[in-house]
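Encoded as structure tokens, the structure appears first; notes follow it.
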Amino acid sequence: MVTLGELVALLGCEPGSVDANIELDRIAPLDRAGPRELAFVAEARYLSALQSSTAGCVLLKPEWQSESPVPSLGVADPYLAYARVSALFDPSPAADVGIHPGAFVDPSASVPASASIGPGACVEANVVLGEHVVLSPGVHVGRGARVGDNCRLWPGAVLYHGVVLGDDCVVHANTVIGADGFGFARRSDGWEKISQLGSVRIGNRVDIGAGVTIDRGALDDTVIADDVIIDDQVHIAHNCVIGRRTAIAGCVGMAGSTVVGEDCTFAGQVGVSGHLKICDNAHFTGQAKVARKVDEPGSYSSGTPLEATRQWRKNAVRFGQLDAMQRRLVKLEAKLNALGEAVSDDD
């Protein structure tokens with residue numbers, strides 16, 4: 001339960017005439033929120049739904065407050081305000097401080113009294129854990145890894161040896177950080193594995209989703225800078241460098257040694273070829289194939305948009321004919337140019 005007074009204090013907004021003692025139990029969608037629930041309006045197109053709202057309070061822009069039939073708080077960015085207050089309603093279970101009897105912690109590991117280490121967790125030799133770290137059941141932290149203050153690793157997360165995780169990071173379930181990069185040399189009878197000699201360095205306030213794999217570097221480290229957010233099922237290969245505040249959505253695959261600038265966004269299923277450099281503020285829409293360097297900020301797209309299967313099949317056939325059509329077009333243009341020159345000579 002949260003009071004409106006607590007929301008006002010957190011958001012630093014003007015309370016106006018709202019009753020600071022109003023109690024709220026949860027956040028709910030605008031069209032379903034009841035008297036003990038908080039809602040928000042982030043875009044003007046949803047204002048029509050506001051008229052019939054029965055929410056206990058609504059977060060919206062100050063200029064929209066006059067249209068609200070229920071108590072409201074005026075904030076410059078309602079969606080950002082919603083994000084901030086959501087922490088007050090977070091139902092995630094609090095971790096018990098201490099080391100569970102079913103966990104293994106090597107005697108050489110540095111573990112502060114404020115840390116929480118769950119059953120089945122494994123902390124290997126020379127690991128250093130920061131203050132208030134939470135290792136959920138089944139987490140594995142490899143030899144010599146370092147985990148910063150206030151980090152939380154959810155069940156089954158794995159940090160290989162030597163991985164460095166900054167402060168205030170979240171690593172969700174079954175994510176693997178620091179596995180070998182895909183490095184092999186061809187030999188006459190198969191493949192020779194290249195030992196991966198680097199590690200992974202992750203900055204502060206990085207949020208990593210479930211089932212993510214971030215490979216260690218072949219020589220230098222793979223680097224994820226501060227404030228990067230990574231969705232579920234993402235693969236980042238060895239020696240990639242991801243700039244600050246970049247956002248990577250689900251199922252993105254990024255090949256080795258790619259350098260990504262700051263404030264970039266990758267929508268779902270974007271594929272990035274290796275050894276590319278991507279500038280700051282580059283944005284890639286869903287399923288884009290990034291096969292060359294990008295040195296101009298902006299939005300980039302590729303792939304085939306959804307259409308009816310019957311029409312898609314026709315276009316797919318035509319796509320296979322493009323090379324032959326282009327060759328015929330070049331020949332036709334040459335003939336037309338020759339014909340034009342001949343007419344000019346006659347004149």
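Brief remarks follow.
- The solvent-accessible area of Val97, taken with every protein chain present and a 1.4 Å probe, is close to 100 Å².
- Positive minus negative residues near Pro107 (Lys, Arg vs Asp, Glu; Cβ under 15 Å): -1
- Net length gained if the chain between Asp25 and Ala342 were fully extended (0.36 nm per residue, minus Cα distance): 105.6 nm
- For Glu63, the solvent-accessible surface computed with a 1.4 Å probe is close to 120 Å², ligands and nucleic acids excluded.
- Helices in the chain that qualify as membrane-span-like (whole DSSP H runs, Cα extent of at least 27 Å along the helix axis, mean Kyte-Doolittle hydropathy of -1.0 or higher) are 309-346.
- Of all accessible heavy-atom area on segment 89-187, the percent that carbon and sulfur account for (1.4 Å): 56 percent
- Assuming charge only on the beta carbon of Lys and Arg (+1) and of Asp and Glu (-1), the dipole of the chain about its Cα centre is about 1360 debye to the nearest 20.
- Between Asp323 and Ser110, the contour length at 0.36 nm per residue exceeds the alpha carbon distance by 70.3 nm.
- Solvent-accessible area per residue, Å², over the chain with all protein chains present [probe radius 1.4 Å]: 55 Å²
- Between segment 221-256 and segment 268-336, the alpha-carbon center distance in angstrom: 24 Å
- Rounded FRET efficiency, nearest 0.05, which uses the C-beta distance separating Ala291 from Trp312 and R0 of 25 Å: 0.65
- Total formal charge among the other residues, if their Cβ is under 11 angstrom from that of Lys193, Lys/Arg +1 and Asp/Glu -1: -1
- 20 °C / 1.002 mPa s Stokes-Einstein diffusion coefficient of segment 192-347, Kirkwood radius on C-alpha pairs, µm²/s: 117 µm²/s
- Taken as Cα centroids, segment 191-208 and segment 3-75 sit 44 Å apart, rounded to the nearest whole angstrom.
- Charge dipole (debye, nearest 20) of segment 6-79; +1 at Cβ of Lys and Arg, -1 at Cβ of Asp and Glu: 180 debye
- Nearest-20 debye value, segment 166-309 charge dipole, Cβ charges on Lys, Arg, Asp, Glu: 480 debye
- Protein-only accessible surface order, largest first, of Met254, Met1 at 1.4 Å: Met1, Met254
- Share of Cα-Cα pairs in the chain lying beyond 34 Å, as whole percent: 49 percent
- Lys/Arg +1, Asp/Glu -1 at C-beta; segment 59-162 dipole; positive extreme among Ser114, Val158, Pro78: Val158
- For Cys57, the residues whose modelled amide H falls within less than 5 Å of its own, excluding neighbours fewer than 5 places apart on the same chain, are Glu37, Ala39.
The values are calculated or read from the model by the stated rules, or taken from the named source; none is laboratory data. Since the structure is predicted, the reported quantities are computational estimates derived from the model, not experimental observations. As a convention, Cβ positions derive from the backbone with ideal geometry for all residues, glycine included, and neighbour counts pool all protein chains shown. What goes into the accessible areas is simple: the full protein's heavy atoms, side chains included, and nothing from ligands, DNA or RNA. Shrake-Rupley method; radii C 1.70, N 1.55, O 1.52, S 1.80 Å.
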